[in-house]
Amino acid sequence: MADFGGEVDLEAFRTEARAWLEANLPVSLRGKTSLAMAVMEGNPVDGDLLLWKQAMAEKGWGTPTWPKEYGGGGLSGPQAQVLQQEMNRIGGFNPLAAGMGISMVGPTILEYGTEAQKRRHIPRICKGEVRWCLGYSEPGAGSDLAALQTRAVDAGNQWVVNGSKIWTSGAQYSDWCGCLVRTNPEARKHDGISFLLIDMHQPGVEVRPIKLIAGASPFCETFFTDARAEKDEMLGEENNGWTVGKRLLQHERQGQTGGALMREAPLSDLARAYVGLDDEGKLADRDLRTRLASHMIDAKAHQLTIARVQAEARGSVNPSAAASGLKNSATHVAQTRAELSLEIMGSRGLGWEGDGFTSQELETVRGWLGGKAMSIYGGSQEIQNNIISKRILGLPDMTKSV
Amino acid sequence: MAVLTEEQTLLRDAARNWAQEKSPVSAFRKMRDSGAPLGYDPAAFAEMAAMGWAGVIIPEAYGGSDFGYLSLGLILEETGRTLTASPLLASSLAAASALILGGSEAQKQAWLPKLAEGEAVATLAVDEGPRHDPAGVKLKAEKGGAGYVLTGEKSFVLEGMAASVLVVSARTGGKPGDTDGITLFLVPADAAGMVRKPLKLADSRGAADISFQGVSVGADAVLGEEGKGWALLDKTLDRARAGMAAEMLGAAHQAFDMTLDYLKTRVQFDQPIGGFQALQHRAAHMFGQLELSRSCVEAALTAIDQDAPDAAQLASLAKAKMGETLYLVSNETIQMHGGIGMTDAHDAGFYLKRARSAEAAYGGRAFHRDRYATLNGF
């Protein structure tokens, strides 16, 4: 067995990874990447899926770049890229990616957590034993997140939390919540916030799912009524939660830069099927054809940019301010794609439910509606533009918040 | 920025230093004010050639460095930043490509070393009307004498007055619009019966309309094969398109940087105007578009260097996306500068004027969106 932590030949690692995946990914799961989404949505894990989850948990490859001492894979950035390539090649997926643990909370605990916090939380994320959600937005604190009012009061041996959060994705399936709370109401609004790790399984926590314009959704309202958190579950220092919370959002944006777009079929296939070609072999609707070409150019430009940013980083996985630009671009491409899909399908793109429409048609409509959230969550398009203006372009900050 | 080799980084830095120090926008302004007849300063081009830049894509056997299109693109981007006027694109890239891709040994020997040294200027004479339409060629080449006789018109020939040799697309069969029946000819600029008329363009760069009034050339003037010139022409144009996109990237970046600087220094309502969100978000949008465009330009040049099967798609992608971005940035440069940007004394107008010439050359956004759709099967 090679030591993957050191300077080893990437091709040697590729051979290792390929062999391990061949040996451990059950044949019945290959190509079933949609199962990754089912895991996200809280579906039960059993049979071959359970075997796969256990194998990946044991190996630490659900969190490939995290340190081995906490249960991660201990791989370098380039090695993790190779692993992903081999995962794509065999049609595999990460069975441990449920919730916000791997993508956001874990990296932030690794960066800001105490040794005890890392030992308590990281191995359980690596093994897929706990699901995490995030308590950020509140009814009165959306884009102006720092206006949040949920209070945490020092009660001696514990923090006592009161308030309500909204858009807590997956809260109904979650075991823990990474939560921004106000610990000093007297301080300037950014300076009185702390980042608290809260156990969701307690009487003071109530979760209500929210129905959205696309129907059922993973989004919830979460209410804290004298909920408790241990004193040593504060991530980072007291009243320094804004810094910790912003860092977590960078990890979130890194996950919203649109890598998934590369795996979608070109929209021109759908257009040929619904609109048809004329005698010259051009899409019969010329106005649509031009706009479709523009969209496909934007989609390709976005893909090339992700590839370029990765190549320039030479495998570094640190999120950067550039992710803000990529998030806006990914959102633009995805939302335009959804709008064009609907337009291409004509009246077939207006169905809500029932057997009068194909499942693909119905999914397209729901996806179009659900996708409107992309330019709102994780910092809206306007907030990303504020961040680019200040951090990349060096323009004066007029909101005092980014 | 693409991941560059050490040599490419050195070349890019050398180009940046030269452009900023020896060929700033003030040099372009001086050239324009002097009414330079060729639309560029021959002494400046001689300096560029002396540094080897005219021979970057030319094989070593013909006096070049065979350093590739991405490398030449780096130079074009840097000289594009300062609007350096020169035949680097039309001659050292576009016409040289036609010779490299389709020239006979004798043709290469005759011209490539001179192009690499910057001793001669060559160019493509392709379009005949106001819009880019390379398949629409009407100029006739009929068999006659020891070779052919060319009759017809070419328009908007870049560096057409400076060129000592032209790569001319002509019809030897079929009808306008057909890709079959097109033949490329290498025609010396002093050939009898060729009448060149200089065009005074808004961007002050050199171009000409050319009338072919029974121009006789030998059979050895054919570049590539008779009647089968389309593939060669298309491939050559893709190289020109990607190269022009690289120049446009530099111009757009410089215009953006200049505008950003102005947003930080211009004070109104007791604050820098860059503090206003109405301007910040437009600046952030431009930044994003520039990043996307850079990826397209570098991908196209790299694909050409690798002779990748999707090079044609990527060339159209680059010209279309870069065209869109330069259109946006050049207009916003004027708008965000306000009144000062409208004055001739300010550089903003130079970028706007160059933007539209660059857009038109080798096909604009509409041409390349249409081509991108066709190449993608719809």
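What follows is calculated from the coordinates using simple rules that are stated; it is not laboratory data. Quantities reported herein were computed from a predicted structural model and do not represent experimental measurements. Cβ: placed from backbone, ideal geometry, glycine included. Neighbour counts: every protein chain shown.
Quick notes on this structure:
- Separation in nanometres of the label points that stand 7 Å from Cα toward Cβ, at B:ASP310 and B:LYS22: 3.8
- Inter-chain Cβ neighbour count for B:276-285, averaged per residue, equals 6 (cutoff 10 Å, partner chain atoms only).
- By the rule of a C-alpha distance below 19 Å, with chain neighbours fewer than 8 residues away ignored, the aspartates and glutamates paired with A:LYS189 are A:GLU138, A:ASP144, A:ASP154, A:GLU237, A:GLU238, A:ASP397.
- Fewest-first ranking of B:HIS285, A:HIS251, using other Cβ atoms within 10 Å as the exposure measure: B:HIS285, A:HIS251
- Calculated P(r) of chain A - Cα pairs past 28 Å, %: 53
- The charge dipole of the protein assembly as shown, taken about its Cα centre with unit charges on the Cβ of Lys, Arg, Asp and Glu (plus for the first two, minus for the last two), comes to roughly 1120 debye.
- Sequence-separation-based contact order of region A:128-250, relative, with Cα cut under 8 Å and 6+ spacing, percent: 28
- When DSSP beta bridges are restricted to pairs lying wholly in region A:134-211, around 80% turn out antiparallel.
- Computed over region B:1-141, the ratio Rg/Rh where both radii use C-alpha atoms and Rh is Kirkwood: 1.00
- Mean per-residue shielding of peptide A:307-313 is 3, counting Cβ atoms of other chains within 10 Å of each Cβ.
- Computed over region B:186-310, the ratio Rg/Rh where both radii use C-alpha atoms and Rh is Kirkwood: 1.18
- Largest to smallest principal axis extent of the C-alpha atoms in region A:255-392, angstrom: 48, 36, 25
- Computed extension length for A:TRP20-A:GLN85: 22.0 nm, one decimal, from 0.36 nm per residue of separation with the Cα-Cα distance subtracted.
- Exposure proxy order (Cβ contacts within 10 Å, fewest to most) of B:VAL121, A:VAL205: A:VAL205, B:VAL121
- Normalised contact order of chain A, rounded percent, pairs of Cα under 8 Å and 6 or more residues apart: 12
- Residue by residue, region A:355-367 carries 3J(HN,Hα) couplings of 8, x, 10, 6, 5, 5, 4, 5, 5, 5, 5, 5, x Hz when phi is fed to the Karplus relation 6.51 cos²θ - 1.76 cosθ + 1.60 (θ = phi - 60°); x denotes Gly or Pro.
- Per-residue ³J(HN,Hα) for region A:136-141, Karplus 6.51 cos²θ - 1.76 cosθ + 1.60, θ = phi - 60°, Hz, x for Gly and Pro: 10, 5, 10, x, x, 9
- Averaged over A:328-336, number of beta-carbon atoms from partner chains that fall within 10 Å: 1
- Ellipsoid semi-axes for region B:308-378, based on the Cα gyration tensor and the rule √(5λ), read 31, 10, 9 Å when sorted largest first.
- Each part reduced to its alpha carbon centroid, region B:19-48 and region A:140-200 end up 62 Å apart.
- Between A:TRP352 and A:SER380, the modelled labels are 2.7 nm apart [label points 7 Å from Cα along Cα→Cβ].
- Per the Cα gyration tensor, chain B maps to an equivalent ellipsoid with semi-axes of 36, 21, 20 Å, ordered largest to smallest.
- Amide H partners (placed H, <5 Å) of A:GLU138, local residues excluded: A:ILE166
- Neighbour-limited loop hits for trypsin sites (Lys or Arg not before Pro), region A:177-209 (at most 13 other Cβ within 10 Å; DSSP other than H, G, I, E, B): A:ARG188
- Of all lysines in the structure, those lying under 22 Å Cα to Cα from A:LYS127, and not within fewer than 8 positions of it along the same chain, are A:LYS32, A:LYS53, A:LYS59, A:LYS68, A:LYS118.
- Cβ-defined net charge surrounding B:ARG294, 12 Å radius [Lys, Arg +1; Asp, Glu -1]: -2
- Relative contact order of chain B: 16 percent, from C-alpha pairs under 8 Å at least 6 residues apart in sequence.
- In Hz, Karplus ³J(HN,Hα) per residue of region B:127-133 (6.51, -1.76, 1.60; θ = phi - 60°; x = Gly, Pro): 7, 10, x, x, 10, 5, 7
- Distant-in-sequence amide H partners of B:VAL121 (H built 1.01 Å from N, under 5 Å): B:SER164, B:VAL165
- Cβ-based exposure ranking for A:ARG289, B:ARG282, B:ARG196, A:ARG89, in which fewest neighbours within 10 Å come first: A:ARG89, B:ARG196, B:ARG282, A:ARG289
- Filter on A:LYS246/A:LYS327; B:LYS235/B:LYS353; B:LYS175/B:LYS197; A:LYS282/A:LYS327; B:LYS154/B:LYS200 - keep pairs with C-alpha separation over 22 Å: B:LYS235/B:LYS353; B:LYS175/B:LYS197; A:LYS282/A:LYS327
- Cα-centred dipole magnitude for region A:111-221, charges only on beta-carbon of K, R (+1) and D, E (-1), debye, nearest 20: 220
- Kirkwood Rh in Å, taken over all unlike Cα pairs in the protein assembly as shown: 29.4
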